[in-house]
Every structure is written in C-alpha cells, then in structure tokens.
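Derivation of every value follows stated rules applied to the coordinates shown; laboratory data play no part. Because the structure is a prediction, the values reported are computed rather than measured. Here Cβ is always computed from backbone atoms with ideal geometry, including for glycine, and neighbour counts include all displayed protein chains.
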C-alpha cells in the first residue's frame, strides 16, 4: 500500500514545481519534503523525479504515480462530501432489478427526481445473481429480486407478492384453454420467460407440460418494452410478472388469462447492512416499499 502522506507530499511537489513552495503549502521543512520523496521512491522502487540543480522533471514512473495522487484526492473529497452531506434529495442512488420491474418503477423514480433536482437515480436491469453481486460489491445501493437471499452482509425486506401472468392477445378466444391451444398460438419468449413458463405452466398443465424447451416459440425478444408487442398483434402469448404488464402504456391489445392455479413470487428489497441508513438511499427504499404494494393482488 502506498503511504498516503508521502503520496500527498509528492502530489503537492509536482503541482508547485518547487521544494520550498511545497514545504510552505504543507507546513513542512524542505528537508522533510525531500525525505518523503525518497521514502516514496524506495517504496515504489523507481525514481520519481530527475533533479537538475533546484529544478526537476517528473519521470514516467512519477507521472503515473501523480495520476494516482490526484485520483486519491478526488476520492477523498467525494468521501468527505458523503460524510458531511446526508440529504435525501442530493447524491446518487443506484438500483438493480428485473427488466419488468425497472419499466414499471422508472416513471415513479422520475417523479421523485423532478422534486429533487440534485438527486441522481441509476437503474440497471439485470439477472438476480448480478443484482446480488452488485449490491455486495457496492456497485448497487439497492436491489429488487424475486428470491430471498440469506447472505450475512445483506439485509432483505419483503416488498410484495407479485403474480406471474399468462398474457394473451385481447381478441383471442381462450375458452377451455389447454397447452395444445397455447402451442398453436406460439410463445413470445424472452430471457426470463422460460423459467416463468416452467413455473406457471407445469403447475397448471402437469400431465401435458414437458418443459419450456418443448414449447413452440413464435419469436424471441430481450427488450422488455417489446415483449408485449407481438402479443398485442395476435402473434403469440407470453408470461410476465404483473409489473411487466402494467408498465405497458397501451394495454388494449392484451388480456391476462386467469389460470386455475395462480402463482405469485415474492419481491425482496436487498441492501448491504447499514447502507440504507444514508438519507438518499433510505428515501428511495421507502418509495419502493410504498409503490410496490400496489402489485400485491389476491
């Protein structure tokens, strides 16, 4: 590890271009500045400056280290800002969730941002494993996942039970719907759709269903906003969480078919232990908790 004090001395020396001026700025003696420089060079294992009388030039190793010194200053300044400023309306908050949930919640987050001009909200649609990893390593402040995690560094809060919905074209005469009729219509597949199909269709057609790999796929799309489009045009059916259906601006071409056996998944809000105590993160956490209750329908 680089010695932070020596690195700051070296960074100041490069900025001033003079040992005496660097000493004055740091409240040190000139020999003290020189001593820090030599110790840092010993730690790095290469000369950082090339002296010519009272002047010097920075070596390539010194230039690389100067970038580190400046970056560390920026990081420390940002850290002080976080420590000294804990305002619910100022700063960055990052959220990871499924594509369906992202599409549904994003307008509500935009409304929050309209009321808080200095608040930055970053939303990332990703698989569950990526969300958990992102929250753990600090890339994400909050995550919404469909399975509870028991990781000791994470705190999980249940948000709501969200139904998995079989979505048909609005004009489709479902009647006595069976798996054969669904296959005739064709499956509008998407990255999460195969797992949804295994869960919902195996529950309702246990004798006939033999796995999502045996479904007749009509089309595949990985953009959440495009999944309902072929369904609305009568080109197939799909399976989505209720949030994915309710996020569609025009639902007139869609119909949710009520299967005999309904299936719900519990949404969990996850955060690193203690992270949600930050005011801005706590405010978004509260928004998610209140908004998501509307997805819970029996």
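If R₀ is 51 angstrom, what is the calculated FRET efficiency for the pair residue 199 and residue 73, using the beta carbon separation as r and rounding to 0.05?
Working: r = 51 Å, r/R0 = 1.01.
Working from the Cβ atoms, E equals 0.50.
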_Rg [Å, one decimal], Dmax [Å, integer] - segment 67-220, C-alpha atoms_ = 21.6, 70
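Using just the alpha carbons, could you tell me how many Å³ per residue the convex hull of segment 1-156 encloses? The partial results should precede the final answer.
Numbers: hull volume 27.0 nm³, N = 156.
Taking only Cα atoms, segment 1-156 has a hull volume of 173 Å³ per residue.
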*Over the chain, what lengths in whole Å, largest first, do the semi-axes of the equivalent ellipsoid take, defined as the square roots of 5 times the eigenvalues of the alpha-carbon gyration tensor?*
58, 20, 16
*asked:* If I take the Cα coordinates of segment 4-84 and project them onto the principal axes, what are the three extents in Å, biggest first?
replied: 44, 26, 18
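How long is the gain from residue 262 to residue 147 if the chain were fully straight, where each residue apart is worth 0.36 nm and the alpha carbon distance is subtracted?
On the way: separation 115, 0.36 × 115 = 41.40 nm, distance 1.78 nm.
Residue separation times 0.36 nm, minus the Cα-Cα distance, leaves 39.6 nm.
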*asked:* Could you compute how fast segment 163-263 diffuses translationally, taking Rh as the Kirkwood radius over C-alpha pairs and applying Stokes-Einstein at 4 °C with viscosity 1.567 mPa s? Give it in µm² per second.
replied: 98
*asked:* Using 0.36 nm times the number of residues separating residue 290 and residue 116, minus their current alpha carbon distance, what extension gain do you get?
replied: 60.8 nm
*Run the quick spin-label model on residue 86 and residue 20: label points 7 Å from Cα toward the beta carbon, then report their separation in nm to one decimal.*
4.7
*Once every DSSP H run of n ≥ 4 in the chain is given -39500 (n - 2.57) and the sum is divided by its residues, what mean residue ellipticity at 222 nm do you get, rounded to the nearest 500 deg cm²/dmol?*
-13500 deg cm²/dmol
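How high is the FRET efficiency from residue 282 to residue 251, r the C-beta distance, R0 35 Å, rounded to 0.05?
Numbers: r = 33 Å, r/R0 = 0.95.
E between residue 282 and residue 251, to the nearest 0.05, is 0.60.
Let me know the shape class of segment 84-154, please: from the alpha-carbon gyration tensor, a ≥ b ≥ c as square roots of the eigenvalues, rounded when a/c is under 1.5, otherwise prolate if a/b is greater than b/c, or oblate.
Oblate, since a/c reaches 1.5 and b/c is not below a/b.
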*On full extension of the chain, what length is gained from residue 139 through residue 213, given 0.36 nm per residue of separation minus the C-alpha to C-alpha distance?*
23.2 nm
